[in-house]
Structures are given as C-alpha cells and as structure tokens.
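*Asks:* One structure is given below, represented as structure tokens, and several questions about it will come after.
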Ligand SMILES: [Zn+2]
Ligand SMILES: [Zn+2]
C-alpha cells in the first residue's frame, strides 16, 4: 500500500470478532460506549448459537456501529439441522447488516461432538456463505488439518472468502492459509509472553492479510489476562502487532481496518 493511500484512511480500530451477549460485567451500551472512547469505530458481533445469532441481528439493528454474523459454533454442531439452516438462510436474506456466516469450523478441545457432525455443519455454513456472497468466519481449535481439508473444495470459488479467527497456528500454517487466499485474525493471545509461535506468525503474515479482534469476553490481552475482555481492549492486539512488525500502531489500525471493511463489505451494508 502506498503512503498516499494510508494518509487518506482515518485511524480507528475495528474489533472483527466479539460476543456482546456473553459479556456479563457491563451492559451492551456501556461496552460499546467504552469501545468508541478507545477509537473502536465498528464491532462485528459473532453468532455462535441459534439464540446468539438472533441476538446478534438485534444488536446490529439497535446499534449503528455493530455488524452481525450468524452461525453455530462447533460446540453446538449437533444442534444444527435443516430447520436451523433455513432459519439462518432467512436471517441473511432479510438483514443487510449480517456481514458473514459463522463462527463455524472444528473444535477438538474437550468437545464431545464427533468430527463428522462438525464437518457436516461446517460445510453447510460455507455453502450458505457462498450462496449469499458473504464471507465465512472460521473457528479452528486443535484442528488445522481438518480445517484445511474441509476448505479445499471451496478455495478458488468466485464467492468464497474466509478468515481464520483467533489464529492459533505457527508461521508455516499461517503462510499456508494466506496461500489459500484466507485472512488470519489475531486475538489478545498474541500479547501473551508464552505465545511464541503466534508471535512468529503475526510477524511473517503480510499486514494486508491481518484482522484484529478481541473474541471478548474471552482471551483478554496482557495486562488484563484472565479477566473479562471488552472490545475497547483491541488496541493491545494492534500494539503488539505493531511491535512485532516494527511499524506504527496507527498504520496497524489503518490497514487492518481497511482490510476488514473491504472483506466484510461494511461500506455497503
Ligand atoms: Zn471461536
Ligand atoms: Zn468467538
């Protein structure tokens, strides 16, 4: 990106992945007010259950700076059938502020749901996203191989766009994802002292392929590790990426916001 383009883009953050409905310590109004005060212009509220998806759409209706996704997390993949598929399909059709499908994918960490069930749900979500021409938000925990395998059939399709949220792999895996045309999104985990592999990945991935997110209320960045997380903390993620890449935090804000705006097509929603 040339210097001129950077100058034209205003400096603000976008928290591309958070769960307003799961935050317990503050009201949505308070959370969003504090985010705005920290220069977070938009948040993307992620649906991870049927109920959560409906709430996500409500938040997007009620708050100008909130966009929504709808989807079923792999923890609940067994609760996703034809009826739920139809419901999501209708929600997307009728709500312009739904900017992606997900989160969906694989989770093999203490998850009793079978691989087959998770894959079936994941693939149906991808098909929905492609059908509506919106991106997919992918959750991959302890499942890099399975995630790549499930995506293979869709890579290169005209309407397929995906982001691996809460990136948890190493530099090689990050480059593999970028090579497949995916984006990667970093959470507060990148700020943890022991997250060496993830720091390496953040260093090596071109900034044009990166989003920042909080995944709040989970994964609060250092120095809030272990506490409830809020979108207002997304700057700590940006700050660590700036440090790792030896660039200015303003440039991280500008470029990652620009990435997210064009990926989720926010300007036209
Ligand atoms: Zn997730
Ligand atoms: Zn999430």
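A short reminder: the numbers here are calculations on the coordinates, not readings from a lab. Quantities reported herein were computed from a predicted structural model and do not represent experimental measurements. Ideal geometry is used to build each Cβ from the backbone, glycine not excepted, and the neighbour counts take in all protein chains shown.
*Asks:* Kirkwood hydrodynamic radius for the range 133-237: how many Å is it when counted over pairs of different Cα atoms?
*Replies:* So the Kirkwood estimate lands at 14.1 Å.
*Asks:* Mind putting together the pair-distance distribution for the range 42-100? All Cα pairs, 10 Å bins, whole percent per bin, short to long.
*Replies:* All Cα pairs, binned at 10 Å, distribute as 27, 55, 17, 1 percent.
*Asks:* Here's another thing I want to ask about it. Compute the normalised compactness of the range 157-218: alpha-carbon radius of gyration over 2.2 N^0.38 Å, N being the residue count. Provide the component values of the computation, followed by the final result.
*Replies:* Values: Rg = 11.6 Å, N = 62, 2.2 N^0.38 = 10.6 Å.
Cα Rg divided by the expected 2.2 N^0.38 Å: 1.10.
*Asks:* In a Gaussian network model over the chain where Cα atoms closer than 10 Å are linked, find which of 95, 149, 258 has the largest mean-square fluctuation.
*Replies:* 149
*Asks:* Then there is this: Under 8 Å for C-alpha pairs, at least 6 residues apart: give me the relative contact order for the range 180-269, rounded to a whole percent.
*Replies:* That works out to 29 percent.
*Asks:* Looking at the chain as a GNM with Cα springs under 10 Å, which of 34, 24, 240 has the largest mean-square fluctuation?
*Replies:* Residue with maximal mean-square fluctuation among 34, 24, 240: 24.
*Asks:* Run the Debye formula on the Cα coordinates of the chain, all scatterers equal and no solvent, and tell me log10 I(q)/I(0) at q = 0.11, 0.13, 0.14, 0.16 1/Å.
*Replies:* -0.55, -0.78, -0.93, -1.25
*Asks:* May I pose another question? Relative contact order for the chain: what percent, with Cα pairs under 8 Å and sequence separation of 6 or more?
*Replies:* Relative contact order of the chain: 20 percent.
*Asks:* Still on this model: Need the C-alpha centroid separation for the range 100-121 versus the range 173-242, integer Å.
*Replies:* Between the Cα centre of the range 100-121 and that of the range 173-242, the gap is 22 Å.
*Asks:* Moving to a separate point now. Simple spin-label model, 7 Å along Cα-to-Cβ: residue 54 to residue 248 in nm?
*Replies:* Label-label distance for residue 54 and residue 248, simple model: 4.8 nm.
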